[in-house]
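A.B. asks: This is the structure I have questions about; it appears just below.
The values are calculated or read from the model by the stated rules, or taken from the named source; none is laboratory data. Since we're looking at a predicted model, the values are computed, not measured. Cβ sites come from the backbone with ideal geometry, for glycine too, and all protein chains shown count toward neighbours. Please note that ligands, DNA and RNA were not included when accessible areas were found on the heavy atoms of the full protein model with its side chains. Shrake-Rupley method; radii C 1.70, N 1.55, O 1.52, S 1.80 Å.
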Amino acid sequence: MKNYCYFLLFLFLTGCDSSHQPFDRFKAFESSPPMFAPVSHYMKQQTIKTEVDGKLDSIQVFKYTKSGDILSANGNYTNSDVFGISFEYDYEKNKFKLYNHLFRVNITDGNFIRNHNNQIIEYTGDNDHQIFKNDSKYKTINNYQDKKLIQSLTEVGKIINKVSMYWENDLPIKSESLLYNSNELRIINITDYLYNEKKQIEKMILTIVMGNKKIVGSETYFYDYNEYGDWIKSTTIRKNQGSNKKVTTVRDIEYW
């Protein structure tokens, strides 16, 4: 399973104000998955490049507003488009666009609803038939407690993805994703996030249980932190994936 398991978890977790505001780490966790969220300063853009045995495997690019809200994201793999995904937001009109190859939808006129904290709690949209020839309707419901995302439920046609997030004080420490197809549980994805004493992510443990009960996973170690406390490099060790290839990631960050 590719690293898009992580990318999909926080696909639609955003706030929504383009004015510059003091750093809020809860906002940072809304706009990025835990391993990509900033520690102390809002980012303008981050580019994550992953190599396998020295060859480019994937590139993910995130862009943000001055207040930490995500504007757009794009991710591609060099050897496959199965996990290809991209999205962008229009906060003035409460609109979004989404391309998701795994869910087989291309939404060009989606709508979202925000709560009193300006957190997005609902997404709705229809596949536009331009790329995927189906009538799938997309819907995501996000539930927050004390400004923390605790559950996200996405329905696309016969696919249901239920994501639960567990917290320890102000840090997300575990996520659990259940993927159903035609009401049959197909994939369980559990990710544990470990931090150091400076609250910087230090290690990530991924465990995936496939429909055939096969268990695969990985351990990722983060290092080379910059002046804002964000990691610049990581190394991933795969488990039970029939490969001992070296997986390395380099992160390029531009700040506001």
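A.B. asks: Testing SER18 on (1) surrounded by fewer than 16 Cβ atoms within 10 Å (Cβ to Cβ); (2) among the polar types (S, T, N, Q); (3) modelled with pLDDT of 75 or more, one condition comes back false. Which one is that?
C.D. replies: (3)
A.B. asks: May I pose another question? Does segment 142-155 hold any residues that are open to solvent by 50 Å² or more (accessible area, probe 1.4 Å) and either touching a Phe, Trp or Tyr at 6+ places or on another chain (Cβ under 6 Å) or under 21 Å from TYR99 (Cβ atoms) (or both), and which are they?
C.D. replies: Of everything in segment 142-155, those that are open to solvent by 50 Å² or more (accessible area, probe 1.4 Å) and either touching a Phe, Trp or Tyr at 6+ places or on another chain (Cβ under 6 Å) or under 21 Å from TYR99 (Cβ atoms) (or both) turn out to be LYS147, LEU153, GLU155.
A.B. asks: Something else: Would a scan of segment 82-90 turn up a residue that is under 14 Å from the mean Cα position of the chain (by Cα), closer than 25 Å to HIS116 by Cβ and open to solvent by less than 10 Å² (accessible area, probe 1.4 Å)?
C.D. replies: no
A.B. asks: Pairs please, first residue from segment 178-205 and on the phi > 0 side of the Ramachandran plot, second anywhere and loosely packed, with under 15 Cβ neighbours inside 10 Å, Cβ atoms under 6 Å, 6+ apart in sequence or on different chains.
C.D. replies: Note: pairs meeting the criteria are SER182/LYS158.
A.B. asks: With SER218, SER182, SER234, SER177 as the choices, which residue is farther than 25 Å from PHE62 by Cβ and open to solvent by less than 80 Å² (accessible area, probe 1.4 Å)?
C.D. replies: Testing whether each residue is farther than 25 Å from PHE62 by Cβ and open to solvent by less than 80 Å² (accessible area, probe 1.4 Å) leaves just SER182.
A.B. asks: Here's something else I'd like to know. For TYR123, all conditions in the list (1) assigned to a strand (DSSP E or B); (2) open to solvent by 50 Å² or more (accessible area, probe 1.4 Å) hold save one; what is the number of the exception?
C.D. replies: Failed condition: (2).
A.B. asks: Could you tell me which of the residues LYS214, LYS239 is touching a Gly at 6+ places or on another chain (Cβ under 7 Å) and under 30 Å from ARG186 (Cβ atoms)?
C.D. replies: LYS239
A.B. asks: Could you figure out which of (1) more than 19 Å from VAL52 (Cβ to Cβ); (2) open to solvent by less than 80 Å² (accessible area, probe 1.4 Å); (3) outside any strand (DSSP E or B); (4) not hydroxyl-bearing (Ser, Thr, Tyr) isn't true of GLN241?
C.D. replies: In the conditions (1) more than 19 Å from VAL52 (Cβ to Cβ); (2) open to solvent by less than 80 Å² (accessible area, probe 1.4 Å); (3) outside any strand (DSSP E or B); (4) not hydroxyl-bearing (Ser, Thr, Tyr), GLN241 misses (1) alone.
A.B. asks: Taking only pairs six or more apart or across chains, which ones have beta-carbon atoms under 6 Å, a first residue in segment 115-135 that is over 15 Å from HIS101 (Cβ atoms), and a second residue that is open to solvent by less than 70 Å² (accessible area, probe 1.4 Å) and of a type in the set (A, V, I, L, M)?
C.D. replies: ASN115/ILE121; GLU122/ILE141; GLY125/ILE107
A.B. asks: With ASN118, ASN76, ASN106 as the choices, which residue is open to solvent by 10 Å² or more (accessible area, probe 1.4 Å) and assigned to a loop (DSSP other than H, G, I, E, B)?
C.D. replies: Criteria check complete, one pass: ASN118.
A.B. asks: Could you say which residue among ILE201, ILE188 is of a type in the set (Val, Ile, Thr) and surrounded by 16 or more Cβ atoms within 10 Å (Cβ to Cβ)?
C.D. replies: When all the criteria are applied, what remains is ILE201.
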